[in-house]
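The values are calculated or read from the model by the stated rules, or taken from the named source; none is laboratory data. Worth saying up front: this structure is predicted, and the values here are computed from it rather than measured. Ideal geometry is used to build each Cβ from the backbone, glycine not excepted, and the neighbour counts take in all protein chains shown. Surface areas here come from the heavy atoms of the whole protein model, side chains and all, with no ligands, DNA or RNA. Shrake-Rupley method; radii C 1.70, N 1.55, O 1.52, S 1.80 Å.
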Amino acid sequence: MTKPPTDATADPARGPAPEGQSMWGGRFSVKPAELMQAINVSIGFDKRLAAQDLAGSKAHAAMLEAVGVISPADAAAIQGGLAAIEREMADGVFPFREEFEDIHMNVEARLRELIGPAAGRLHTARSRNDQVALDFRMWVREACERSAGQLQALQRALLAQAEAHADTLMPGFTHLQPAQPVTFGHHLMAYVEMFGRDASRFADARDRMNECPLGAAALAGSPFPIDRHRTASALGFDRPTANSMDSVAARDFALEALSAAAICATHLSRLAEEIVIWTTPQFGFVRLSDAFSTGSSIMPQKRNPDAAELVRAKVGRILGALTALSVVMKGLPMTYSKDMQEDKVPTFEAFDALELGLTAMTGMAADLTPNRERMAAAAGSGFSTATDLADWLVRRLNMPFRDAHHVTGAAVKRAEALGVDLSQLPLAELQALEPRVTADIFEVLTPAASAASRMSYGGTAPEQVRAQIKRWKDLLS
């Protein structure tokens, strides 16, 4: 067991420097130049890590006491001081100061002001390198948890709409051209699936990052008899990281989280784009209430889907954050480099944007009012039941699909020439193309019949849509 030092000067990790000196001033004889101070200081943004920094310090102090590195009296003083700092932060009176560079030094300096020299013992067996790796990892872990929770709220909003419109017809598109009739519920369930995968990506990223870097110290570990498993458990990690160099060098946990965020934002953007299209007078498929629409300063008739447009734009910021951090990390040697200070701002901004986008989309999903009549009318446009005609020829006349495809193409061409839909094409016209066609063919040429026939697993038939809605309700419960 290591004997506790008797005073701050005997502690290998000395406490905050006297007034006027930098926290790392023992090696340097002059203060940093103003420009160096400006480029070096990070407290303006990393104060967002305050809660994580305090949690890590509390766990570290408790572990140091448990293994006998610091005395119970010093541990009690440290814990009391950290609790006081936590209250100051909650009350908004904590004195954040640029002279102490970052959140770690701000906390330690304030701790010394509150409890005196015992504060210097807190930094024993750790470095700002493993401290920031811990704080940032905890913050990203919590961001992944928040995003997964918000995704579930969005899925529930979509499920409610899908259930109400499991049999509401609309056109399904490929190339943004009418393809086959589907239901609005089925269309929304596609996004439920996408957002479900997004949530699983955040969960996977969280599981992978759930290893505690505290105790790696600067890069090589610590000579003190620390218990890294104890601190890992106290902070909710599955285990400590297994390599001290990797512990302080790695930011792939943030890159993975940003990758998941970028994919999720892309899905949000696709749904936002569809809302923008659907709300145009040309489509008129859905309406957003005033809560999610804005007007024009010059055109009094306008109803602009600004909320959807802003969500659509968020993907640019989030993709930019992923790119920015990738570029920061791509050329760094082992282990810690100051470049890595640039990891936080893009990550913070990306998750701020994502959380706002998820919240806004959840509101819009619940707010949408579909125009059933307009969508049903559009569901049959563009000869959308042509595939049903071809399928009927295959099923009823045992025709090879390629032959049926040719006959159907000819039928579409004839209907187009006559200015009618396929369901209005006279039987004689169809029999001129294929003599074996009977009047039964008209039973499959309506949009409703087309959608109802798609009974394969995951298909658009209302029965299948309701089955998938139930499955997701069970999963989310």
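Annotations
- Inter-residue pairs, beta-carbon under 7 Å, first within 14 Å of GLU434 (Cβ to Cβ) and modelled with pLDDT of 90 or more and in region 402-421, second in a loop (DSSP other than H, G, I, E, B) and open to solvent by less than 90 Å² (accessible area, probe 1.4 Å), 6+ apart: VAL407/GLU434; ALA411/LEU425; ARG414/LEU425
- Residues in region 458-477 that are in contact with a helix residue (DSSP H, G or I) (Cβ under 7 Å, 6 or more places away or on another chain) and farther than 15 Å from GLY185 by Cβ: LEU476 alone.
- Condition met for LEU393 (part of a helix (DSSP H, G or I), crowded, with 20+ Cβ neighbours inside 10 Å and touching a residue at least 24 places away in the same chain (Cβ under 8 Å)): yes
- When every residue of region 290-309 is checked against the conditions, none turns out to be open to solvent by less than 40 Å² (accessible area, probe 1.4 Å) and modelled with pLDDT of 95 or more.
- Number of positions in region 33-46 that are in a helix (DSSP H, G or I) and either β-branched (Val, Ile, Thr) or closer than 17 Å to ALA84 by Cβ (or both): 2
- Within region 346-383, restricting attention to residues that are of a type in the set (D, E, K, R) and within 30 Å of ALA451 (Cβ to Cβ), the residue that is nearest to the chain's Cα centre (by Cα) is ASP367.
- Scope region 181-196; condition free of Cβ contacts under 8 Å to residues at least 60 places away in the same chain and among the small types (Gly, Ala, Ser); matching residues: ALA190
- Members of region 197-226 that are surrounded by fewer than 16 Cβ atoms within 10 Å (Cβ to Cβ) and of a type in the set (D, E, K, R): ARG197, ASP204, ASP207, ARG208
- Residues located in region 253-277, provided they are free of Cβ contacts under 8 Å to residues at least 60 places away in the same chain, open to solvent by 30 Å² or more (accessible area, probe 1.4 Å) and either small (Gly, Ala, Ser) or under 15 Å from ARG141 (Cβ atoms) (or both): GLU256
- For region 369-381, the criterion of being touching a His at 6+ places or on another chain (Cβ under 8 Å) and at pLDDT below 95 is met by no residue.
- The set of residues in region 310-325 that are open to solvent by 70 Å² or more (accessible area, probe 1.4 Å) and of a type outside the set (Lys, Arg) comprises LEU310, LEU319, THR323.
- Residues of region 396-447 that turn out to be surrounded by fewer than 18 Cβ atoms within 10 Å (Cβ to Cβ), among the hydrophobic types (A, V, I, L, M, F, W, C) and not in a helix (DSSP H, G or I), as a count: 1
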